[in-house]
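The values are calculated or read from the model by the stated rules, or taken from the named source; none is laboratory data. Every value quoted in this text rests on a predicted model; they were computed, and no experiment measured them. Neighbour counts are summed over all protein chains in view; Cβ atoms, including those assigned to glycine, are modelled from backbone coordinates with ideal geometry. Just the protein is used for accessible areas: all its heavy atoms, side chains included, with ligands, DNA and RNA removed. Shrake-Rupley method; radii C 1.70, N 1.55, O 1.52, S 1.80 Å.
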Amino acid sequence: EPEVTQTPSHQVTQMGQEVILRCVPISNHLYFYWYRQILGQKVEFLVSFYNNEISEKSEIFDDQFSVERPDGSNFTLKIRSTKLEDSAMYFCASTLGQGRSYNSPLHFGNGTRLTVT
Amino acid sequence: GESVGLHLPTLSVQEGDNSIINCAYSNSASDYFIWYKQESGKGPQFIIDIRSNMDKRQGQRVTVLLNKTVKHLSLQIAATQPGDSAVYFCAENRADGGFKTIFGAGTRLFVKA
């Protein structure tokens, strides 16, 4: 069964450094997402991406965050200048359809654990 | 505002018993609901979904019930097994076409052998 893959599984970085988290969504999916989960807490929406542009973003997704689909397979999340509070699990997800006309469940990767020291 | 939450943070059941995990949502505009299972060190995994034009949907050992009158969603797991131990999240999509799925707080299910 096709799956969403994320790399690296664990990233340690110093405060103020830039990090790029990488994801390969399921190949025929059209909608891409980043979520984060602080230890023991709920899964928080960051951003959705469709047709090569951001569809929706949360308050968490400020100017320090950006997403990109540099080619036909990768989907990246960049944090420009990391803060201690950015430490969390970051999950990439994809789905075939979402919206008024067609909904389908998200398929998640196993996440990247980001530790900011 | 929009929120999806859970009544109980933990649930402990005996192996072989049935489990019921509950969820309350507040957004009347939501029209699609999903249950996810998250095992330690993994991403959320889709279990079952239901659209707002239905009140019940069954899968293999799992059933989702939707009560739109009281904005309540439940997940029933039949004959709970040790492998069912995980955190379970309910989630919702809004009917206004928003491109996001909102997650509830999660319930941790413990299965006692």
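Points to keep in mind about this one:
- Fully extending the segment from B:F110 to B:K42 would add 22.8 nm, taking 0.36 nm per residue of separation and subtracting the current Cα-Cα distance.
- Interface size, chains A and B: roughly 2000 Å² of accessible area buried, both sides included, 1.4 Å probe, rounded to the nearest 100.
- The alpha carbons of the protein assembly as shown give a radius of gyration and a Dmax of 17.5, 51 Å, in that order.
- For A:S66 and A:E85, the difference between the fully extended length at 0.36 nm per residue and the C-alpha to C-alpha distance is 5.1 nm.
- Inter-chain shielding of B:50-58 (mean C-beta neighbours from other protein chains, 10 Å cut-off): 0
- Share, in percent, of DSSP beta bridges within chain B that are antiparallel, nearest 5: 90
- Debye-formula intensities of chain B, expressed as log10 I(q)/I(0) at q = 0.11, 0.15, 0.17 Å⁻¹, are -0.32, -0.59, -0.76 (one equal scatterer per alpha-carbon, no solvent).
- Sparsely packed loop sites in region A:9-117 (the trypsin sites (Lys or Arg not before Pro) outside DSSP H, G, I, E and B with at most 14 other Cβ atoms within 10 Å) comprise A:R80, A:K83, A:R100.
- Full-extension gain in nm, B:S12 to B:T69, via 0.36 nm per residue minus C-alpha separation: 17.7 nm
- Apolar share of the accessible surface for the protein assembly as shown: 46 percent from carbon plus sulfur atoms, 1.4 Å probe.
- Dipole-positive endmost among A:S73, B:Y25, B:I102 within the protein assembly as shown (Cβ charges, Cα centre): B:Y25
- Dimensionless Rg ratio for chain A, taking C-alpha atoms and the 2.2 N^0.38 Å reference: 1.01
- Charge dipole magnitude, Cβ of K and R +1, D and E -1 - chain B, Cα centre, debye nearest 20: 40
- The residues neighbouring A:S87, those whose beta-carbon lies less than 11 Å from its own, together hold a net charge of +1 under the Lys/Arg +1, Asp/Glu -1 convention.
- Pairwise label distance in nanometres, A:N51 with B:Q81, each label 7 Å out on the Cα-Cβ vector: 4.3
- Pairs exceeding a 18 Å alpha-carbon distance, out of A:K42/B:K100; A:K42/B:K42; A:K78/B:K37: A:K78/B:K37.
- Each residue, A:T76 and A:E59, gets one label point 7 Å from its Cα in the Cβ direction; the gap between the two is 3.0 nm.
- For chain A: accessible area per residue (Å², 1.4 Å): 51
- Treating each Cα of region A:65-117 as an identical point scatterer and summing with the Debye formula, the log10 of I(q)/I(0) at q = 0.21 Å⁻¹ comes to -0.93.
- Applying both filters, DSSP loop and at most 15 other Cβ atoms within 10 Å, to the GluC sites (Glu not before Pro) of region A:47-117 gives A:E59.
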